[in-house]
Amino acid sequence: RSERRHLQMNIQIIKHHGEPEYAIIPFDKWKKIISRLEEMEDIHDARKIAASIAAGEETFPADFIKRLSSGKSRFKVWREYRKLTLAQLAKACEVSIPAISQVENGKRTPSVDLLVKLSKTLRCEMEDLV
């Protein structure tokens, strides 16, 4: 409270057509306001994330994220993360094992139909695979 009172005493209001339009405050007070706003945004973001996780949103370990961003085949990283063999993934997607292997090794671009099946089986978004 004393901080608010002190802050209010240092505010200069500029009016336009009789209505307040600008407030001028000391720079150190401005920095404190910005710092508090950023803190409040962080708290809000943390609460949203916690609520999403509580509602069942999947989270991923750091090593998985690191592998995804390492340049390795996203198909293979997701398959291994979901603990599927090439044969299991091929069977679930109704394609041959060599077809999945070629996709993983970048020797074949999956059709949209196969991409849909892969993302469904791997429980991820299609965008996560490409």
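The values are calculated or read from the model by the stated rules, or taken from the named source; none is laboratory data. Only a predicted model underlies this, so the values are computations on that prediction, with no experimental measurement involved. Every residue, glycine among them, receives a Cβ derived from its backbone with ideal geometry; neighbour counts consider all protein chains shown. Note: areas computed on protein heavy atoms with side chains; ligands, DNA, RNA excluded. Shrake-Rupley method; radii C 1.70, N 1.55, O 1.52, S 1.80 Å.
Ser52 sits among other residues whose Cβ lies under 15 Å from its own Cβ, and their net charge, with Lys and Arg +1 and Asp and Glu -1, is -1. Sequentially through region 18-29, phi angles give Karplus couplings (6.51, -1.76, 1.60; θ = phi - 60°) of x, 10, x, 10, 9, 10, 10, 10, x, 4, 4, 5 Hz, Gly and Pro residues having no value and appearing as x. Computing the accessible area with a 1.4 Å probe over protein heavy atoms, can you report the carbon and sulfur percentage for the chain? Ligands and nucleic acids excluded, carbon and sulfur give 55 percent.
If you count only protein heavy atoms with a 1.4 Å probe, what accessible area per residue comes out for the chain, rounded to a whole Å²?
78 Å²
Among the listed pairs Lys48/Lys91; Lys31/Lys72; Lys66/Lys120; Lys48/Lys120; Lys72/Lys120, a Cα-Cα separation exceeding 32 Å is found for Lys48/Lys91; Lys31/Lys72.
The stretch between Val112 and Val130, if pulled fully straight at 0.36 nm per residue, gains 5.3 nm over its current Cα-Cα span. Take the Cα of Glu41, step 7 Å toward its Cβ, do the same at Asn105, and the gap between the two points is 4.8 nm. Provide, in order from the shortest bin, the percent of all Cα-Cα pairs of region 65-126 in each 10 Å bin, continuing until the bin that contains the maximum pair distance. That works out to 24, 63, 14, in percent per bin.
Under a model in which nothing but the beta-carbon of Lys, Arg (+1) and Asp, Glu (-1) is charged, region 1-104 shows a dipole of about 240 debye around its Cα centre. Orientation-averaged projection of region 36-90 equals 5.4 nm² [convex hull of Cα atoms, one quarter of hull surface area]. Distance distribution note for the chain: the fraction of Cα pairs above 24 angstrom is 56%. Neighbours of Ser70, meaning other residues whose beta-carbon lies under 14 angstrom from its beta-carbon, give a summed charge of +3 when Lys and Arg score +1 and Asp and Glu score -1. Neighbours of Gly106 by Cβ distance under 12 Å: Lys/Arg scored +1, Asp/Glu scored -1, total +4.
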